[in-house]
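One structure is given below, encoded as structure tokens.
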Amino acid sequence: MSKSLRDSSNRIKIISLGNISVGKSCLIKRYCEKRFVSKYMATIGIDYGVTRLKIRDYDIRMNIFDFSGHPLFYEVRNEFYNDTQGVMLVFDVNNRKTFDSLDYWLNEMKKDIRPIQLFDQLCIVVVANKIDTNKRVVDESEARLWANVRGYQYFETSAQTGVGVQEMFDCLFSSIIDVIENGELKVPNIGFTIEQVEAINRLKNTKDNYERLGLKHNCTKDEINNAYRKLAKLLHPDKSVAPGSEEAFKLLLNAKTDLLNKFDK
Ligand code: GTP
Ligand code: MG
């Protein structure tokens, strides 16, 4: 006999988010209909479908809301964030802008989802789609880190070949059931924080030593020492397991030495 979830209708709602043309509709089509359409047919507003599934002992009615990624349809999307339990947050590995937009999508959803507490209970999978091409510009390690540091699952997929699609949906559905059964979201512990990753990126990606330490050009010696101490505590390779800590720590040391030397000249 099948079991009932707390919501006895056994109804689950997931949505697809991401820029236009990243492959949201094709991923859903691949999963539900096992086929791929190469001609682009933009989603107008929102498409809706229901699929029935057996997950563990539950008979589930999975409601899939496939959103358009076009800014024009914001007014349509914002009505539909309510009561969402799972999110496919999709980008195209061949288009950097679609990866850089992931924060935009999280913010749009956070602004409009009701009840607001639902945001922290959402099961989110970050989906790196179109890995079948040879024009890739966003590499796996960067994207996986972006997802994991926020506590989200990460999958590499191709709606064209089907690679990773079933696994991604299985994981999304299964984590939603976990949340319903346990009452809370299990966030994978990766051993480092978003603060550490952001500090490492700032040290590595800027050439200006003041900026590396988060300081203005007219800062005092004390401010340099304080900023250094704070970052050193955060990134010391003996303590931090965030990827790139060692290199960032060396950059930090050099930046501090260079800035303090300017006072002695
Ligand atoms: P909107 O509905 O406008 O927000 O776009 P969408 O994210 O739903 O994109 P859609 O699924 O319609 O796919 C856009 C285009 O990308 C289509 O031409 C698809 O054939 C193509 N596409 C989707 N997934 C893949 C993939 O995995 N590999 C390749 N090579 N092309 C893909
Ligand atoms: Mg679409």
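The values are calculated or read from the model by the stated rules, or taken from the named source; none is laboratory data. Remember, predicted model here, so these are calculated numbers, not experimental data. Positions of Cβ are backbone-derived with ideal geometry, glycine not excepted, and every protein chain shown enters the neighbour counts. What goes into the accessible areas is simple: the full protein's heavy atoms, side chains included, and nothing from ligands, DNA or RNA. Shrake-Rupley method; radii C 1.70, N 1.55, O 1.52, S 1.80 Å.
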Check your understanding: Whose amide H sits under 5 Å from the amide H of S21, counting only residues 5 or more places off or on another chain, with H placed in the peptide plane?
Key -> G69
Practice item. Starting at the first residue of region 64-77, write each ³J(HN,Hα) from the Karplus equation 6.51 cos²θ - 1.76 cosθ + 1.60 with θ = phi - 60°, in whole Hz, x for Gly and Pro. Key: 10, 9, 9, 8, 6, x, 7, x, 4, 9, 3, 4, 7, 4
Review point. Mind checking the dipole of region 11-182: about its Cα centre, +1 per Lys or Arg Cβ, -1 per Asp or Glu Cβ, Debye to the nearest 20?
Key: 440 debye
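Rounded, prolate or oblate, given the Cα gyration tensor of region 96-191, with a/c below 1.5 counting as rounded? Let's see the in-between values first.
Values: a/c = 1.89, a/b = 1.46, b/c = 1.30.
Judged from the Cα gyration tensor, region 96-191 comes out prolate (a/c at least 1.5, a/b above b/c).
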Practice item. Work out which helices of the chain, taken as complete DSSP H runs, extend at least 24 Å along their axis over the Cα atoms and score a mean Kyte-Doolittle of 0.0 or more, then list them. Key: 165-182
Point to revise | Inter-centroid distance (Cα atoms) of region 117-187 relative to region 71-114, Å | key: 14 Å
Check your understanding: Over the chain, what is the relative contact order in whole percent, taking alpha-carbon pairs under 8 Å and six or more residues apart?
Key -> 16 percent
Practice item. Once every Cα of the chain carries one equal point scatterer and solvent is ignored, give the base-10 log of I(q)/I(0) from the Debye formula at q = 0.10, 0.11 Å⁻¹, two decimals. Key: -0.61, -0.71
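What number comes out for accessible area per residue over region 21-103 if the probe is 1.4 Å? Units Å², please.
The answer is 51 Å² per residue.
Quick check on region 1-99: take the gyration tensor over C-alpha atoms, sort the square-rooted eigenvalues as a ≥ b ≥ c, and tell me if it's rounded (a/c under 1.5), prolate or oblate.
Numbers: a/c = 2.35, a/b = 1.67, b/c = 1.41.
Prolate is the answer for region 1-99, as a/c is 1.5 or above and a/b outweighs b/c.
Based solely on its DSSP helices, what 222 nm [θ] is calculated for the chain when runs of n ≥ 4 H residues each add -39,500 (n - 2.57) and the sum is averaged over all residues, nearest 500 deg cm²/dmol? Let's see the in-between values first.
Values: 11 runs with 113 residues, N = 265.
The helix contribution divided over the chain gives -12500 deg cm²/dmol.
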Check your understanding: What is the Rg over Rh value, at two decimals, for region 194-264, using alpha-carbon atoms and the Kirkwood definition of Rh?
Key -> 0.95
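Rounded to the nearest percent, how much of the accessible area of the chain (1.4 Å probe, protein heavy atoms only) is carbon and sulfur?
On the chain, the fraction of accessible area on carbon and sulfur atoms equals 50 percent.
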Study note, to complete from the structure: Karplus-derived 3J(HN,Hα) from phi for region 81-94 (6.51 cos²θ - 1.76 cosθ + 1.60, θ = phi - 60°), whole Hz, x at Gly and Pro, runs 6, 4, 6, 6, 10, x, 9, 9, 9, 9, 9, 9, 4, 9
Check your understanding: Quick one: net charge of V163's neighbours, Cβ under 11 Å, K/R +1, D/E -1?
Key -> -1
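Between D83 and K34, how high is the FRET efficiency from 1/(1 + (r/R0)^6) when r is the Cβ-Cβ distance and R₀ = 22 Å? Nearest 0.05. Provide the component values of the computation, followed by the final result.
Numbers: r = 28 Å, r/R0 = 1.29.
Once the sixth-power term is evaluated, E becomes 0.20.
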